[in-house]
Amino acid sequence: MSEEKMKLVTFEELKSLMKNKFMKAGLPEVHAAAVADHLAYADSRGVHSHGAVRVEYYSERINKGGSNPNPNITFDQKSASIGILDGDNAVGHYIAQLGTEKAIELAKETGVGVVGMKRLGHCGTLSYFVRQATEQGLIMISMCQSDPMVVLYGGAEPYFGTNPIAFGAPHKDGAPIIFDMATTVGAWGKILDSRAKGKAIPADWAVDSNGNPTTDPNAVAGLVPIAGAKGSGLMMMVDILCGALLGQPSGGSVSSMYADLSAGRELGQIHIVLNPEFFAGLESFYSTIEKMVGEIHGMKPAEGFSKVQYPGERSDATFEKYQSAGIPIVKEIYDYLVSDDIHFDRYDGMDAFAKKD
């Protein structure tokens, strides 16, 4: 996108603008701060699909009551290592953060911490949570549901959501090993980001209403799973762990992000945290990781690459770049953030692909 259509901002400015927007929409300050920090994190690492582009939608849902501003949050500890957090349909970022803290706490005490979260809203990028575990020498896996928008292998209509999976492992002397992926070739947030930037999408990301591949982000009627049947299996696994296991709606019954912004999402999510001290031991773990990283960096790179990198390195490099140069935000989105306008009438009643019926 051309430079004149972008605005460079600092992390703190971006976070403050988004926090103010959420508070104007009706969110308590502690919840607004949690969501704003999360979105600023995403933009600061180049994951613009889960950053400021989401503010307008979240604000409308908050204002219309689909995100509970005064939730009765409960935690039911089922065993020494397992707990269930009921978010009472609060904003997902805040509930998933509480779940992260609980899972880390349990893993430090018992070696394993598993926290299932139910009745929460959209939680953003999962790498935000797994990174926190890696910073404390822990391994974390996180998964969550999303609404039906994926045409499964062999199917002609959407059933499962993009159902992302994230993994994080600590690295003593370097960037943590982190990957965060949708189980589709392209994440829905990237479709939204492409729309905002007026850019075409790759032909293998999505299909139109006729089931044909499309490069037009505005024509998307279904996303495509990664690796065909294998991707369909992964998203089914996520849905079972985050839906059926937690007593939440599953598959085609998962609530739409846009159909009714006055209703809670009732989504499910799960965090699994492992403490290396209870397995091979942290120092042994670090030694093996260091050897692995050294071997990866020593591999011959393919044409067009300067070196082979492990998951997480590019994100950290982007963060360092943006720290000094500023975070690029689409100017239209920035103008919205600094305005007094909230826009409470743009998303409600849209279909799963953010297009009015």
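The values are calculated or read from the model by the stated rules, or taken from the named source; none is laboratory data. What you see is a predicted model; the values in this text were computed from it and never measured. Using ideal geometry, Cβ is built from the backbone for each residue, glycine included, and neighbour counts are taken over all protein chains shown. Just so you know, the surface numbers come from the protein's heavy atoms only, side chains and all, with ligands and any DNA or RNA stripped out. Shrake-Rupley method; radii C 1.70, N 1.55, O 1.52, S 1.80 Å.
So how many residues does the range 258-271 have that are in a loop (DSSP other than H, G, I, E, B) and either within 25 Å of I82 (Cβ to Cβ) or open to solvent by 10 Å² or more (accessible area, probe 1.4 Å) (or both)?
Result for the range 258-271: 7.
Residue under question is K321, and the condition is that it be over 30 Å from I84 (Cβ atoms), open to solvent by 60 Å² or more (accessible area, probe 1.4 Å) and touching a Pro at 6+ places or on another chain (Cβ under 8 Å); does it hold?
The answer is no for K321.
Filter the range 329-357 down to the residues that are at pLDDT 70 or above and open to solvent by less than 50 Å² (accessible area, probe 1.4 Å) and list them by number.
Selection gives I329, V330, I333, Y334, Y336, L337, S339, I342, Y347.
Hey, does the range 318-340 have a residue that's in a loop (DSSP other than H, G, I, E, B) and closer than 30 Å to I95 by Cβ? Full working, then the answer.
Let us first name the residues in the range 318-340 that are in a loop (DSSP other than H, G, I, E, B), namely 326, 339-340.
Of the ones still in play, those that are also closer than 30 Å to I95 by Cβ are 339-340.
Among the residues of the range 318-340, at least one is in a loop (DSSP other than H, G, I, E, B) and closer than 30 Å to I95 by Cβ, which makes the answer yes.
So how many residues does the range 194-226 have that are of a type in the set (D, E, K, R) and modelled with pLDDT of 90 or more?
Final tally of qualifying residues: 3.
Scanning the range 39-53 for residues that are closer than 14 Å to K21 by Cα and assigned to a helix (DSSP H, G or I), which turns out most open to solvent (accessible area, probe 1.4 Å)?
V53
Which of the residues spanning the range 189-229 are of a type outside the set (A, V, I, L, M, F, W, C), over 21 Å from the mean Cα position of the chain (by Cα) and assigned to a helix (DSSP H, G or I)?
N218
Would you mention how many residues in the range 80-139 are out of contact with any His (no Cβ under 9 Å at 6 or more places or on another chain), over 23 Å from S250 (Cα atoms) and β-branched (V, I, T)?
Number satisfying all stated conditions: 3.
Give the range 20-36 a look and list any residue that's buried (at least 18 other Cβ atoms within 10 Å of the Cβ), in contact (Cβ under 8 Å) with a residue 40 or more places away in the chain and farther than 18 Å from V330 by Cβ, or say none.
Result: F22, A25, L27, H31, A34, V35.
Cβ contacts < 6 Å: first residue closer than 13 Å to V53 by Cβ and among the hydrophobic types (A, V, I, L, M, F, W, C), restricted to the range 182-202; second residue in a loop (DSSP other than H, G, I, E, B) and open to solvent by 10 Å² or more (accessible area, probe 1.4 Å), any location; separation 6+ or different chain. Result?
Matching pairs, first to second residue: A187/T162; W188/T162.
Could you grab me the full set of residues in the range 176-193 that are at pLDDT 90 or above and not acidic (D, E)?
Matches in the range 176-193: P176, I177, I178, F179, M181, A182, T183, T184, V185.
Scan the strands (runs of 3 or more DSSP E) fully inside the range 54-154 and keep the ones with 3 or more residues being touching a residue at least 60 places away in the same chain (Cβ under 8 Å) and open to solvent by 40 Å² or more (accessible area, probe 1.4 Å). Write out each step before concluding.
Working: elements: 74-77, 82-90, 112-120, 139-144.
Answer list for the range 54-154: 112-120.
Within the range 272-282, is there a residue that is among the acidic types (D, E) and in contact with a strand residue (DSSP E or B) (Cβ under 7 Å, 6 or more places away or on another chain)? Step through it out loud before you land on a result.
So the first thing to find is which residues in the range 272-282 are among the acidic types (D, E), and the list is 277.
Restricting the remaining residues to those that are in contact with a strand residue (DSSP E or B) (Cβ under 7 Å, 6 or more places away or on another chain) gives none.
Within the range 272-282, not a single residue is among the acidic types (D, E) and in contact with a strand residue (DSSP E or B) (Cβ under 7 Å, 6 or more places away or on another chain).
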